[in-house]
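What follows is calculated from the coordinates using simple rules that are stated; it is not laboratory data. Values in this document were obtained by computation on a predicted structure and should not be read as measured data. A quick note on method: Cβ atoms are made from the backbone with ideal geometry, for glycine too, and the neighbour counts reach across all protein chains shown.
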Amino acid sequence: MTFHKVLVANRGEIALRVIEACRESSLESVALYSEADAAMPYLRLASESLCIGPADPTRSYLSIPAVMSAAEVAGAEAIHPGYGFLAENPHFVEVCEEHGLVFIGPDSRVMKLVGNKLAAREKAASVGVPVLPGAAVPTDEKKLRAAAERIGYPLFVKAVFGGGGRGMRPVQSADGLTDAVVAARAEAQRACGDPGLYLEQAVTNPRHVEVQVLGDRTGRVIHLGERECSIQRRHQKLIEEAPAPHLDEVLRKDLHRAALATAHTLGYQNAGTVEFVLDNDGGFYFIEMNARIQVEHPVSEVIVGVNLVKEQICLARSGALAISQEALDSRGHAIECRINAEDPTRGFLPSCGRIEIDELPSGNGVRLDTHLHNGMEVSPHYDSLLAKVIAWGRDREEARTRMYTALERFRIRGVATTRSLMQEIVSHPAFRDERLGTDFLDNLTT
Amino acid sequence: MELGELREIIKLLKEEGLSEITVWEGERRVTVRQEGPGVASGEAPVVIDTVRNKAAGATAVSAPLVGTFYRRPSPDAEPFVEEGAQVEPGDTLCIIEAMKVMNEIKAESAGRLRQALVEDGEAVEYGQPLFLFEPT
């Protein structure tokens, strides 16, 4: 589908990233902003910009009428949703389709399928991809207990339309089951708009590894390798790296194959990520698929040398992949640290204020994806992500030491950040020695 | 611009110790400047556009949503409000079309329309001033 003007339906670093990709693709871009973001310097880089509402995201970045109306008055022919906000909302994709706008991502059918985590699990299992024992949560209390017994403890109660940790509760034993289901149901209804739940067996201190895929309209799917995302706090990723360290080569290939099979059976188009957990015995299990460009996409870009946002645009335009699996090669190692406006010494409380920049990292092998600027007001209305520091090295050790120096040069005032915690993690012997698992942070702080 | 408004601007200039105020009203521009001790020279002139200029006695009505602005109910009809006309709370001022829905924008308070700031059929952003009213 041809288009010349892309509406950037997001804010912050990803909006900047999409605007850059549009410029490199010789496309016009329309940036949207809320009143709180009127001073963002990246707005200048777009061909035009439009204020669509007040700071409250439900009345600006999350408002489908405001976004669609802006697309209409600006004459945009395509929409890039970034991540978060409307990026994985099947209804939004449908509205785009009804209005003849190209949604840069999967179509509404795929979006619906992938959004139903239970259905996606079943689809993956149907093509032989391993999944953990699991079942939909029955309404009957007795049946619920029986289902949980069959799966075994510990387990997770998860939202059918959740993902990314929303509406998710760990359950250690039968005692906590009912309470967890009640709490998860309320959260699922509130955060995901649907109370549907399922049970899934939990793996103790697993690794989180995800595979980046690209699919086209002809049904062809390729992968761009995997990313290690085990360093998390309450299911929110903090540090990602590519490739995944000390992974058995057979297992690595199995993960890639499983990701391709999953994406293929889902009829997946555009950029997406297939998430797996790895247990300590060499087993891997499909968890969910994310139908968007991800925050951590730069680590793959850096080692594979593909601009994923440009590929997304290219796929939406041509419908066919321009790169082949055989032509892809990866080089070196990349690590990304997320700098959030949060105070690790006060329970990761979001920190608001006016930014003063003393120094920002740069130099050989260092990439900084950020919308930071001097005098920027960090508002309580939005995600706390301030910057992504990405370090590349010929090997993991070079990337790791380069990251440490880059973090040392990340010096801003006005808000508390996760910078020092990131330094603590990358310099920790367990991180250096590749002892990675989702409990990493808990073990660090206790 | 009326003489009373000009007096207000001069008063503001003195009270705030400014060196210059420029007021834009459509194509017309009025600059009031004072020289003398206490006023730093070489500073950028303070430009106060009519929209925010309370001294000029006008208040602005801004777009509550992004969309296409229409001053009249249909292309060949008269505008909802002519310049100089009196409006009462609840009177329709204009239409903003968003996603094929015609949203009628109504007056929240009584006033006399001094100036419409947007042309018929123009795209408007959220918060963009549409009309200037003199409260009555």
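Quick look at the numbers
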{"quantity": "Candidate lysines - alpha carbon under 19 Å from residue A:253, same-chain residues fewer than 8 apart omitted", "calculated": "none"}
{"quantity": "For A:326, A:377, order by how many other beta-carbon atoms lie within 10 Å, fewest first", "calculated": "A:326, A:377"}
{"quantity": "Calculated on alpha-carbon atoms, Rg and Dmax of segment B:60-135 in Å", "calculated": "11.3, 32"}
{"quantity": "Nitroxide proxy distance, nm - points 7 Å out along Cα→Cβ at residue B:101 and residue B:29", "calculated": "4.1 nm"}
{"quantity": "Order of A:112, B:100 - criterion: other Cβ atoms within 10 Å of each residue's Cβ, fewest first", "calculated": "B:100, A:112"}
{"quantity": "For segment A:133-201, fraction of C-alpha pairs farther apart than 15 Å, in %", "calculated": "42 percent"}
{"quantity": "³J(HN,Hα) computed for each position of segment A:213-227 - Karplus, 6.51 cos²θ - 1.76 cosθ + 1.60, integer Hz, glycine/proline x", "calculated": "10, 10, x, 10, 6, 8, x, 7, 10, 10, 10, 10, x, 10, 10"}
{"quantity": "Gain upon complete extension [residue A:178, residue A:323; 0.36 nm per residue less C-alpha separation]", "calculated": "47.2 nm"}
{"quantity": "Protection proxy ranking, peptides A:242-250, A:170-178, average beta carbon neighbours within 10 Å, highest first", "calculated": "A:242-250, A:170-178"}
{"quantity": "Label-point gap, in nm, between residue B:136 and residue A:420 - each point 7 angstrom along Cα→Cβ", "calculated": "6.4 nm"}
{"quantity": "Candidate lysines - alpha carbon under 22 Å from residue A:143, same-chain residues fewer than 8 apart omitted", "calculated": "A:117, A:158"}
{"quantity": "Lysines with Cα under 20 Å of residue B:11, excluding same-chain neighbours fewer than 8 positions away", "calculated": "B:54"}
{"quantity": "Order of A:376, A:289 under a 10 Å beta carbon neighbour criterion, fewest first", "calculated": "A:376, A:289"}
{"quantity": "For A:69-75, mean number of other protein chain Cβ atoms within 10 Å", "calculated": "6"}
{"quantity": "Integer Hz, Karplus 6.51/-1.76/1.60 couplings in order for segment B:62-77, x for Gly and Pro", "calculated": "9, 5, x, 7, 7, x, 9, 8, 10, 8, 10, x, 8, x, 9, 8"}
{"quantity": "Computed lengthening from residue A:430 to residue A:411, 0.36 nm per intervening residue step minus Cα-Cα distance", "calculated": "4.3 nm"}
{"quantity": "Relative contact order, percent, chain A [alpha-carbon distance under 8 Å, six or more residues apart]", "calculated": "14 percent"}
{"quantity": "Pairs of Cα atoms farther than 37 Å apart, chain A, %", "calculated": "22 percent"}
{"quantity": "Inter-site label distance for residue B:74 and residue A:401 at 7 Å from Cα along Cβ, in nm", "calculated": "7.9 nm"}
{"quantity": "Helix-only CD estimate at 222 nm, as mean residue ellipticity for chain A, using -39500 (n - 2.57) per DSSP H run (n ≥ 4)", "calculated": "-9500 deg cm²/dmol"}
{"quantity": "For residue A:270, residues with placed amide H under 5 Å, excluding near neighbours", "calculated": "A:215, A:216"}
